[in-house]
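No lab work stands behind these numbers, since they all come straight from the coordinates. Computed from a predicted model, the values in this text were never measured in an experiment. For neighbour counting, all protein chains shown are included, and Cβ atoms are generated from backbone atoms with ideal geometry for every residue, glycine included.
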Amino acid sequence: MRKLAAGNWKMNGTTGSLAEAMAVAAAHPDAAVELLICPPATLITAMATAATGTPLEVGGQDCHAAASGAHTGDISAAMLSDAGASYVILGHSERRTDHGETDALVRAKTEAAWAAGLTAIVCVGETLAERDAGRTLEVVGRQLDGSVPNGASGARLVIAYEPVWAIGTGKVPTTGQIAEVHDFLRARLDARFGEGVGRLVRLLYGGSVKPSNAAEIFAIRNVDGALVGGASLKAAEFSGIIAALEDSVG
């Protein structure tokens, strides 16, 4: 299993921002971990072209469940692949909240991503109210079960645990809280798919990850990398996180 440092640029970045992505690639020419940036769809082809010959991979931030059709403004998984993407983020809490995405829809999108040859990064995570109510494992378990189709493998599925209350807030769960959820997710995957598959699905942590706390997070068992938001927009910050992940490999 190769650890993964993934950056989610969200609705940020124009052509001039490509320099930041290329600076990340240049800073880690022989990366000991997998490097990924998911820019806005408008930059996928340009970034993939610029990253040719470097360790940097490119992904999308969402896809439609259908392969094609009358879906104005949407992008299919096949279109992402054609544009140069190899990954796609699905079920991010911002999509679930802002667009009302259900576990069933995320599952359908994941199936579409697999059909197009993309690796799906499926996101799960609880709100602050759900954590305060002691429902964290119930919520992430339900999301995992409902959002991941049968036929998963370590080659085409990544799970990102992103507590909603930690995204962009500067708040970070304790190491014990992260370990509890990641251990739970690993056991759930093992039980459903068998240890031969479950152990190879990478589990990322996301939510206010930065260079100053990355090493502590990556030292937690069953944390195989990070899905990084704001800190991935600047090469210096993202490179610091990548370096911490590389150090964790040994």
Practice problem: Give the residue from Gly13, Ala116, Val148 lying farthest towards the positive end of the charge dipole for the chain; charges sit on Cβ (+1 for Lys and Arg, -1 for Asp and Glu) and the dipole is referred to the Cα centre. | Solution: Val148
Practice problem: Could you compute the FRET efficiency for Ala19 and Asn213, with r as their C-beta to C-beta distance and R0 at 35 Å, rounded to 0.05? | Solution: 0.85
Quiz item: At a Förster radius of 35 Å, what calculated FRET efficiency corresponds to the Cβ-Cβ distance of Val249 and Thr97, to the nearest 0.05?
Solution: 0.55
Quiz prompt | Helix runs (DSSP H) in the chain reaching 15 Å along axis by Cα, Kyte-Doolittle at least 0.5 | solution = 235-249
Exercise. Calculate the dipole size of the chain relative to its Cα centre from +1 charges on Lys and Arg beta carbons and -1 charges on Asp and Glu beta carbons; express the result in debye to the nearest 20.
Key: 160 debye
Practice problem: Measure up Lys3/Lys234; Lys109/Lys234; Lys10/Lys210 against 25 Å on the Cα-Cα distance and list the ones that go over. | Solution: Lys109/Lys234
Exercise. Let me know the volume per residue of the alpha-carbon convex hull for segment 54-192, in Å³.
Key: 132 Å³
Self-check item: Estimated inter-spin distance, Leu137 and Ser86, nm [label 7 Å along Cα→Cβ]
Solution: 3.6 nm
Quiz item: Calculated from DSSP H runs of 4 or more alone, at -39500 (n - 2.57) each and per residue, what is the 222 nm mean residue ellipticity of the chain, nearest 500?
Solution: -12500 deg cm²/dmol
Quiz prompt | Span per principal axis, largest first, for the Cα atoms of the chain (Å) | solution = 45, 44, 35
